[in-house]
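The structure appears right after this line, and notes come after that.
The values are calculated or read from the model by the stated rules, or taken from the named source; none is laboratory data. Model, not experiment: these values are computed from the prediction. Here the Cβ is made from the backbone with ideal geometry for all residues, glycine too, and neighbour counts use every protein chain on show. For accessibility, only protein heavy atoms count, side chains too; no ligands or nucleic acids. Shrake-Rupley method; radii C 1.70, N 1.55, O 1.52, S 1.80 Å.
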Amino acid sequence: YSFTLDMIMVSWNRAAEALFGWTEAEILGQRWNLFVPPELSDEPDRIVALVQSGQRVTGFETQRLRKDGSRFDVSLAFSPVVARGKIIAISAIARDITYHKIAEDQRDQQARLLDLSLDAIIVWSSPDRSIEYWNQGAEKLYGYAAGEVYGRSIHEVLKTSFPIPQAEIEAKIYQEGEWDGRLLHTQKSGGRVAVLSRMQRIARPKGDVVLEVNRDITIIEEAEQAVAEADRKSV
């Protein structure tokens, strides 16, 4: 759709009719703020000022109103309509991003739930093993903030000691989809921590990742070693 610099609607295509609910006959001649929520009434003036100053506005995320009064999330792009070297109107492209926002909110909620876990939850990519996700449980267990490890190899960061060759573990993950067992990791402080690790492959179009969940079992390992030592002394 497009509108004049004094915000009078002058064009409205069929996609706009389908998205907003008003027909072309109903919208032409109306002011642009017809479908702008009241609390966002300052947006039209700001957009016009930006375009008049020569700026191209893209990816402007906000909310708009439909004819029935319902709201939806939208991404807007604005560009000037120029005639004889002067800006005479503004053209707009609107894209409904409601489902994108819902998915984004769901991802945020899931991330918050993962951060409530006492286990260290890590996501790393294949084949370079670079860390893509590092929850608060991982920060507490290993001492590294997420920003310190993103993009780095998980095994270089944690100096992982494997009970069997690493290649065998990764082969099982990619052939069978998962692996679990005990690992030894090194914390940022230099301390060693024993973990019960469960790794699961997650397929993605842009490349598989591995979800790794590690539970601190250092106390259990120390207790087992103490019992074993006591048994040896009693023989």
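Given Cα pairs under 8 Å that are at least 6 residues apart, what percent is the relative contact order of the chain?
Taking the mean separation of contacting Cα pairs over the length of the chain, I get 12 percent.
Could you check the spin-label model distance between D128 and T186? Points 7 Å from the Cα along Cα→Cβ, value in nm.
That separation, rounded to one decimal, is 2.2 nm.
How large is the accessible surface per residue of the chain, computed with a 1.4 Å probe and reported in Å² as a whole number?
Roughly 59 Å² per residue, with all protein chains present.
For the pair Y150 and R56, how long in nm is the line joining their label points, each one 7 Å along Cα→Cβ?
2.8
By the gyration tensor of its Cα atoms, with a ≥ b ≥ c the square roots of the eigenvalues, what is the shape of the chain: rounded for a/c under 1.5, prolate for a/b over b/c, or oblate?
prolate
Using alpha carbons only, how many degrees (0 to 90, rounded to 10) separate the axis of helix 98-116 from the longest principal axis of the chain?
On a 0 to 90 degree scale, this one is about 30.
Taking 30 Å as R0, compute the FRET efficiency from the Cβ-Cβ separation of S41 and S75 and round it to 0.05.
Approximately 0.95, to the nearest 0.05.
Using only Cα atoms, find the angle between the long axis of helix 43-52 and the longest principal axis of the chain, and express it within 0 to 90 degrees, rounded to the nearest 10.
80
Based solely on its DSSP helices, what 222 nm [θ] is calculated for the chain when runs of n ≥ 4 H residues each add -39,500 (n - 2.57) and the sum is averaged over all residues, nearest 500 deg cm²/dmol?
After summing the helix terms and dividing by the residues of the chain, the value is -10000 deg cm²/dmol.
Quick one: with all protein chains in place, what share of the accessible area of the chain is carbon or sulfur, to the nearest percent (1.4 Å probe)?
Roughly 52 percent, rounded to a whole number.
Calculate, in nm to one decimal, what D96 and E24 gain on full extension: separation in residues at 0.36 nm each, minus their alpha carbon distance.
24.0 nm
Can you pull the one-decimal nm distance between simple spin-label points at Q225 and I8, each 7 Å off the Cα toward Cβ?
8.3
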